[in-house]
Amino acid sequence: MSTLLEVSGVSVSFDGFKAINNLSIQIGEAELRAIIGPNGAGKTTFMDIVTGKTKPDEGYVIWGEKSVSLLDMNESQIAQAGIGRKFQKPTVFEEQTVRENITMALKNPRSPLDLLLNRAAADTEERVRAVSDDIGLTDALDQLSGALSHGQKQWLEIGMLLAQDPRLLLVDEPAAGMSATEREQTTDILVRAAKTRAVVVVEHDMEFVRRLNCKVTVLHQGSVLAEGSLDHVTKNQDVIDVYLGR
Amino acid sequence: MRSALFALILMVCGVPAVTAQTLQPILQTYAGEIAKPSRKSVGETIDAIAASGLPQVTVFLEQWSEKNIWQRNDGIFFVGTAAGDSLTITDVDTEAKTTAAKSDFKQLKPNGGVRRLIGTALVQFQLMDPDLSRRETAVASIARRPEAAQLAPLLASIDGEVDANLKARKTQLANFLSASFAKNTEDRIAAIDSLSTDTSVEARAVLNQILTTTTGVALAAPEGNIAATLDPMLDAEQSYTALVDANLAAPKQTGGDIKKALEANIVNGRIAGFPLGQMDDPMVRQAAYTALADAGLVPVLITQEVRDAELSKHVFYKVYDEPNVEVTIAAETARKSADNRVATAQFADLTLDALSLASIFFLAAIGLAITFGVMGVINMAHGEFIMMGAYTGYVVQLFIPNYTVSIFVALPLAFAVTFIAGVVMERLVIRRLYHRPLETLLATFGISIALQQLAKNVFGTQARPLTSPDWLAGAWVVNDIIQISYIRIAIFILALLFLGLIIYILKRTRLGLEVRAVTQNPGMASSMGINPDRINMLTFGLGSGIAGIAGVAIGLYAKVTSEMGSDYIVQSFMTVVVGGVGNVWGTLAGAAMIGFGQKGIEWLNPSNTLAAQTYMILFVILFIQFRPKGIVALKGRAAGD
Amino acid sequence: MERTFIAKNPSVLWFLLGLSVFTLLVSIFSEAAGSAVISTSFLKTLGKTLCLCLVAIAMDVVWGYCGILSLGHFAFFGIGGYAIGMWLMYARTKDIVVGSLENNILPPTPDEVTTAIGSQIFGVVGSSDFPLIWAFSHSLTLQLLAVVLVPGLLALVFGWLAFRSRVTGVYLSILTQAMTLALSLYLFQNDTGLRGNNGLSGLQNIPGLEAVSQATLSLWFFWASAFALGLGYVFFAWMLAGKFGSVIRAIRDNETRVRFLGYHVETYKLFIFTTTAMIAGIAGALYYPQAGIINPAEIAPIASIYLAVWVAIGGRGRLYGAVIGAVVVSLMSSWFTGGSAPDINLGIYIVKWTDWWLVLLGLTFVAVTLFFPKGIGGLFDLISSRQEKQQ
């Protein structure tokens, strides 16, 4: 399994507080990975760095087989390179329909003139349906997305990520606020997605992580504390100390 | 001059000049000249009168100069005051007063030139007069019209001067006079050198006077103290005009001249063979004119080549009016050094100006900065709160005529009025628009329109005065260049006070603690039992209240109008944005930067304050590119993350 | 393609229909058509209002759709006016000067003509030289290009600087306001070559069309304004339909999220900012020949804020809302401030509308922002949702 994303020796601090401290993580192609850790471990900051929202003070972030540095790119370039991100809070465009939301996310040329002049790509409808089928929102395509339930919004957002057809999917707490059945469905969507692309899930909920059944990285105070299967890391003394000792 | 000096020496020594104790005989000796003085010959007479050293001389000369001397039929001179047909005469020696018929007397009316000579002679007496105010008048008159003859009496009067200020002034004036009029070159140069440290307008005028030049043109450079030879090609047209004025060349034809000449020489619809219709081409016009000139009908055309050839034949020079080379060299050096000092002083003056402008911006912007920083709310009506404060001051003055008292009543009252207005606005409008900052901007703008028009309806469109008390009326004068009005100093102090007060409130009080907590994390603050609504309301009131105080301060040195708010609002925004939102120091830095920047640009282009404002705004727009969060960046709710 | 677009946006069709009917009615009742119902001066007011509608929909696109509260679009409007005004003034002065020089014995040289024109135009600011910015004023084509390009270029440079450094929200508003203020202060100066606070005048006289009466000319301008408004409306509606519009509205609602979808947000904002600035320039170029005069006071920051007021009152995020807002507020403004509104006698105080109109407008504006954020356009939503319920 070749490496898709390599984060090495990255540090970043905010006003003297080291949010990320010499962090190194490798994500392989078509891998499902869960990142867990207590509050303030640096999970969200890690995502911010990969997606270009935050620039690290030192270290490298290298992407793809051509080994390009992501640090020189802005958010939209990184997104176009194939990294999709789902935020902690569901952020869909509530005043637009589900169809419009998905259409916007579809992998297509993204310059203003492309959008203005090449309006009707023939397969748009087909691709939108493929995504909406995947996330189970086909019936709601013409609804305003603001009218969706919390869980549906989460799915829509995951659907938008899938529509982008990224090679790496960063998902921040997808199961927050979901009911048990919704969680199960979410797990299915993520596992299915991970068959063709890399998916990194940041999650608090151990049960959810267990169901993902994948390699787990434990972050603590901005660096990797342990890595391996969930069973392996939960037996790690450091991890136990961090989670229970405080 | 020599005799004046002589007289002076005598006076100083206290030795009577002549044995006679009465003036009349001396007057009689020169009766003819006194009765009909001429400017050329009266000097000797005046010297002789002065040389008597009598105390009556001053009075006589003064009265003579003021046309109050009358001569009786028998030739005796009196001081007289005419009333109808009669004349009250005073004996020049005994000062005995009698009345006589006017017809027996003739009034002496010396002309202006003579009066000036009399005045010059008088100065030496007035300089020594026991009455301080008369001595001051004499010194002032010398300063107004310095003359060579005044130097010696002035010098002589310095040692005896008892008043310290006047003595200093006399010394300074003597210095000025020596620079121009001292007899030997060393004295002049010494005096000139001492002027190099003097930045007063007078001292520079003295140097400029010594260094006056006359420009001229000739075939060869003349003898004399040449200041410089000039390159005529720097402004060829003007040089040629000078050449023409000096009758050294023929005048150059203007387009109009050529046109007139052509028009005067139309023959059968043609000019020198060229058809009229082609005359819209300047080349054809020139050709036609040249042809006319060749035929001797018009003067030869002065083309550029001719002009340049003429110019190169002549020397253009600047010559000093002062013949002494050493003096002019010393004066040039002194002027250069004085200019440097003047530049330094101007810089200091500019700095003071900038400081006071910065204080005004700070006062106008700090309230805005507080509300923007704490609540993330842009208050477009802030300028109208400033206006409201100023009108409060105006209304207070209508009721309390004592300006000092009224200012001290107006300041807290303005704060109270705008505080209440701010709180009302917060409760009625702003509170409903949290998390919609753009809408807040618009709603407060609506309030701003309404308030401005309301003020117009109540107070009218003309400017209302807000008069400052007398003790704030003057200016603090350091020297001729550095001066700053007290009102601006007061505003500076007010700004400092508010800086201190706000920092005290924010850092040392419970309210400040809570305000800072809400600024940094409103959610957390409210979970710790701080009521953000109350904090927001108080902060908004505080910010508005300070705007009211700023309004009084601004109203004192500018007029109070309904539109004064909008004059300051954009500058205030700039200050807040440049400084960085929600930080008192940031606002201070922003105000300093904008104040100093604006004055700096004004200095580069003094004629145009509009341009200064334009460029300052452009600068701010560019500045934001490099520091989008301002000079002092803040993290937290207001940082907009 | 076009048919589906119209079908998807029925409001465009309604708008065009309404505009055509209105234009037709006004034409029939105008003085030029021999009727006395609509005076020439009122016809001009109507034509100007159409131009204001055009700049209002540009404002709506940039603010209501893209979320950039620009307080500078009236400056672009003014630049358009200045650009066309320069040609109008130059060409007309040239006609007059050439006419007056015709009687000279010698035919005038080009230099003499230029100097004479220069002293005619710049005499009021004590100059007779042509400043550099008048270099193209002799050419209608070039000045027409300037109407579009100068506002476009200014918007492009300003927008690039501002968006690049991620200046957003109120900061951006303040910055655009500063730009407007800087521009108007610049124009107020006598030595900048645009006649300082005198501005450009006599713009109602169109060179070459001296024979045409003002009544007819006003009608032509009215038609041109109506045509430009219709075209602008269709253009913006077309632009905002479909995915491009989706992205623009998405940027308004959550810029960061759009960035993570892979769209270069800055380019989109710049595109909108610049395009709307160009349309504003066109609107200004049509407005000022009808107004007859332009001066720097027109560009003052307050004008741009009124533009925002119109759009807010009419209803943001819908093009017809902007049109309604501009029409209602600007016509009401001229009605109230023109002294035709009846005063209200309260017994102790007589409310004169010339004095109190702005107070009313300000407070209305606050009320609209607070209670009817959708503006007048929101009423249409209410009506249509009621109809749906009844069905």
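The values are calculated or read from the model by the stated rules, or taken from the named source; none is laboratory data. Bear in mind the structure is a predicted one, so any value in this text is a computation, not a measurement. Positions of Cβ are backbone-derived with ideal geometry, glycine not excepted, and every protein chain shown enters the neighbour counts. Ligands, DNA and RNA are excluded from the accessible area calculation, which covers all protein heavy atoms including side chains. Shrake-Rupley method; radii C 1.70, N 1.55, O 1.52, S 1.80 Å.
Straight-line reach from B:Lys170: which lysines have Cα under 21 Å away, leaving out those fewer than 8 places along the same chain? In chain and number order, the partners are B:Lys183.
In this Cβ point-charge picture (+1 for Lys and Arg, -1 for Asp and Glu), segment B:198-270 has a dipole of about 460 debye about its Cα centre. The residue list A:Ser76, A:Met178, A:Leu5 was ranked by how far each Cα lies along the charge dipole of segment A:3-245 toward its positive end, using unit charges on Cβ atoms, and A:Leu5 comes out on top. All Cα-Cα separations within segment C:49-165 were binned at 5 Å from zero, giving a P(r) of 2, 10, 16, 17, 14, 12, 10, 7, 6, 4, 2, 1, 0, each value a whole percent of the pairs.
Along its three principal directions, the equivalent ellipsoid of the protein assembly as shown from the Cα gyration tensor extends over semi-axes of 78, 44, 34 Å, largest first. Toward the positive end of the charge dipole of chain C, with +1 on the Cβ of Lys and Arg and -1 on the Cβ of Asp and Glu, the farthest Cα among C:Ala322, C:Ser11, C:Leu144 is that of C:Ser11.
The residues of the protein assembly as shown expose on average 45 square angstrom of accessible surface per residue, using a 1.4 Å probe on protein heavy atoms. Here the calculated FRET efficiency for B:Ser86 and B:Ala558, from their Cβ-Cβ distance with R0 = 60 Å, stands at 0.50, rounded to the nearest 0.05. Can you find, among C:Ser100, B:Phe415, B:Ala589, the residue farthest towards the positive end of the dipole of the protein assembly as shown? Put +1 on the C-beta of Lys and Arg, -1 on that of Asp and Glu. Toward the positive end, the furthest listed residue is B:Phe415. Taking every residue in C:172-185 and counting other chain Cβ atoms within 10 Å of its Cβ, the average works out to 6.
When the pairs C:Lys269/C:Lys374; A:Lys55/A:Lys235; A:Lys43/A:Lys153 are compared against a 31 Å limit on Cα-Cα distance, A:Lys55/A:Lys235 fall above it.
For chain B, a crude dipole built from +1 on the beta carbon of Lys and Arg and -1 on the beta carbon of Asp and Glu, taken about the Cα centre, is about 2400 debye to the nearest 20.
Pairwise Cα distances in segment A:129-239 exceed 25 Å for 27 percent of all pairs.
Taking only the C-alpha atoms of segment B:236-312, the Rg (one decimal) and the largest Cα-Cα distance, Dmax (whole number), read 13.5, 41 Å.
The label point for A:Ala147 and the one for A:Thr3, both projected 7 Å from the Cα toward the Cβ, are 4.9 nm apart. Between helix C:242-253 and chain C there is an angle of about 80 degrees, using the helix long axis and the longest principal axis of the Cα atoms.
Mind pulling the angle between the C-alpha long axis of helix B:437-459 and the longest principal axis of chain B? Nearest 10 degrees, somewhere in 0 to 90. Once rounded, the angle reads 50 degrees. May I ask you to derive the relative contact order of chain C, considering only C-alpha pairs under 8 Å and at least 6 residues apart, and to give it as an integer percent? Value for chain C: 30 percent.
Short-range pairs are left out: with C-alpha atoms under 8 Å and at least six residues apart, the relative contact order of chain B is 13 percent.
The calculated FRET efficiency for B:Leu511 paired with B:Leu398, based on their beta-carbon distance and R0 = 25 Å, is about 0.15. Restriction of the GluC sites (Glu not before Pro) in segment B:236-318 to DSSP coil positions whose beta-carbon has at most 13 other beta-carbons within 10 angstrom yields no sites. Report, by chain and number, residues whose modeled amide H sits under 5 Å from the one on A:Ile20, excluding near sequence neighbours (fewer than 5 apart, same chain). Amide H neighbours of A:Ile20: A:Val12. Within the shell of other residues whose beta carbon sits under 13 angstrom from the beta carbon of B:Arg145, the net charge comes to +1, with Lys and Arg scored +1 and Asp and Glu -1. Any chance you could tell me what percent of the C-alpha pair distances in segment B:349-563 go past 30 Å? For segment B:349-563, the fraction of Cα-Cα distances above 30 Å is 27 percent. Take each residue of peptide A:181-193, count the partner chain Cβ atoms within 10 Å of its Cβ, and average: the result is 0.
For segment A:3-245, the normalised intensity computed at q = 0.08, 0.10, 0.16 Å⁻¹ comes to -0.31, -0.49, -1.19 (log10 of I(q)/I(0), Debye sum over alpha carbons, equal scatterers, no solvent). The share of alpha-carbon pairs in chain C lying farther apart than 30 Å comes to 45%.
The distance between label points at B:Ser194 and B:Gln107 comes to 4.4 nm (points 7 Å beyond Cα on the Cα→Cβ vector). Checked against a 28 Å cut-off, the cross-linked pairs B:Lys559/C:Lys48; A:Lys89/A:Lys195; B:Lys40/B:Lys67 give Cα-Cα distances beyond that limit for B:Lys559/C:Lys48.
Using the Cβ-Cβ distance between C:Gln387 and C:Asp253 with R0 = 30 Å, the FRET efficiency computed as 1/(1 + (r/R0)^6) comes to roughly 0.60. Look at the Cα gyration tensor of chain B: its axes a ≥ b ≥ c give a/c of at least 1.5 with a/b at or below b/c, and that counts as oblate.
Okay, which of segment A:145-181 sit inside 19 Å, backbone N to the point 7 Å along the Cα-Cβ direction of A:Thr196? The answer is A:155-171. Here the protein assembly as shown is assigned +1 on the Cβ of each Lys and Arg and -1 on the Cβ of each Asp and Glu. Its dipole about the Cα centre then comes out at about 2620 debye. Round to the nearest 10 and give me the degree value, 0 to 90, for the angle of helix B:42-51's Cα axis relative to the longest principal axis of chain B. For helix B:42-51, the angle is close to 80 degrees.
Only aspartates and glutamates eight or more places from B:Lys629 in sequence, or on another chain, were considered; those with a Cα closer than 15 Å are B:Asp641. From the Cα gyration tensor of segment B:127-210, with a ≥ b ≥ c the square roots of its eigenvalues, which class applies: rounded if a/c is under 1.5, or else prolate if a/b is larger than b/c, or else oblate? The shape class here is prolate.
For a straight C-alpha distance cut-off of 22 angstrom, the lysines reachable from B:Lys259 (same-chain residues fewer than eight places away being disregarded) are C:Lys94. How high is the relative contact order of chain A? Use alpha-carbon pairs under 8 Å, at least six apart in sequence, and give a whole percent. Answer for chain A is 28 percent.
Label point 7 Å out from B:Val267 along Cα-to-Cβ: which residues of segment C:77-118 have amide N under 16 Å? Under 16 Å, as judged by backbone N against the label point of B:Val267, lies no residue of segment C:77-118.
Overall shape: oblate for segment B:347-414, with the ratio a/c of the largest to smallest alpha carbon gyration tensor axis at 1.5 or above and b/c at least equal to a/b.
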